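One structure is given here, and the rest of the page talks about it.
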Amino acid sequence: ETHVTPYLEHQVTAWATPASRHEVALRMYRMRFPQDDVPARTNIEQLRGREGARMRDIYAQLASQYGVDWQGRSYYGDDGLADQPIQQAISVANSCLYGVCHAAIMAIGMSPALGFVHHGNQRSFVWDVADLYKAQLTLPLAFATLAESPDNLAQRVRRACRDAFFQQRILERIVPDIYALFALPAPTVRYIDSS
């Protein structure tokens, strides 16, 4: 799919106007939080606010569930890691997820830069897509891995991500979810005979 542009064209068309960009952002939010009956007239800033409140609740719930001290999400330094082990665990897990999402986006010929909620960065769409999975995948994994032990945390989180991504077949989920964001039918899979 990287040699043709129809999916990139769909992305650019959806990104080009505020109304269609809002529609995709709304789909993203509804995919992440299907239990939240968000009105169609909710603007991007309101969606961000709702998302922030939901994520704060998710972080607090995971901290309580795994007995991890939680002071809120923080970043600093060139590597994006804070001094607390849980901050490092979350950053490492999310970084692994970003890599997989970036690969999937590129594989179908879309731009990682044209985001709908995030913007202004070469990975804006990567962050948008990764957000679809964080609450159910990387965040629980980060908290659970730290709860087991703080030793060799980054390495253990990366291995746990590798195993979880394989077990949950995350690559098989990302591409159909991207198509759903743009209300596109999932394409038929073409196999290349290498013999």
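The values are calculated or read from the model by the stated rules, or taken from the named source; none is laboratory data. All of these numbers come straight from a predicted model, not from anything done at the bench. Positions of Cβ are generated from backbone atoms using ideal geometry, with glycine treated the same way; all protein chains shown enter the neighbour counts. Note: accessible area is taken over every heavy atom of the protein model, side chains too, but ligands, DNA and RNA are not part of it. Shrake-Rupley method; radii C 1.70, N 1.55, O 1.52, S 1.80 Å.
Picking from residues in the stretch 89-107 that are open to solvent by less than 10 Å² (accessible area, probe 1.4 Å) and among the aliphatic types (A, V, I, L, M), the one that is farthest from Gln155 (Cα to Cα) is Ile105.
Kindly check whether there is at least one residue in the stretch 77-86 that is open to solvent by 50 Å² or more (accessible area, probe 1.4 Å) and in contact (Cβ under 8 Å) with a residue 60 or more places away in the chain.
yes
State whether the residues of the stretch 151-160 include one that is buried (at least 20 other Cβ atoms within 10 Å of the Cβ), at pLDDT 95 or above and assigned to a helix (DSSP H, G or I). Checked against the condition, which is being buried (at least 20 other Cβ atoms within 10 Å of the Cβ), at pLDDT 95 or above and assigned to a helix (DSSP H, G or I), the stretch 151-160 yields at least one hit.
If I filter the stretch 18-28 for residues that are open to solvent by less than 20 Å² (accessible area, probe 1.4 Å), within 20 Å of the chain's Cα centre (by Cα) and farther than 24 Å from Ile105 by Cα, do I get at least one hit?
No, the stretch 18-28 contains no residue that is open to solvent by less than 20 Å² (accessible area, probe 1.4 Å), within 20 Å of the chain's Cα centre (by Cα) and farther than 24 Å from Ile105 by Cα.
Results for (1) in contact with a helix residue (DSSP H, G or I) (Cβ under 7 Å, 6 or more places away or on another chain); (2) closer than 20 Å to Pro18 by Cα, shown as yes or no for each residue.
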| site | (1), (2) |
| --- | --- |
| Gly72 | no, no |
| Leu97 | yes, no |
| Asp128 | yes, yes |
| Pro150 | yes, no |
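Checking each residue of the stretch 32-46 against the condition of being part of a helix (DSSP H, G or I), at pLDDT 95 or above and surrounded by 13 or more Cβ atoms within 10 Å (Cβ to Cβ) gives no match.
With respect to the conditions (1) modelled with pLDDT of 95 or more; (2) in contact with an Asp or Glu (Cβ under 9 Å, 6 or more places away or on another chain); (3) open to solvent by 60 Å² or more (accessible area, probe 1.4 Å); (4) of a type outside the set (Phe, Trp, Tyr), Gln61 lacks only one, and its number is (2).
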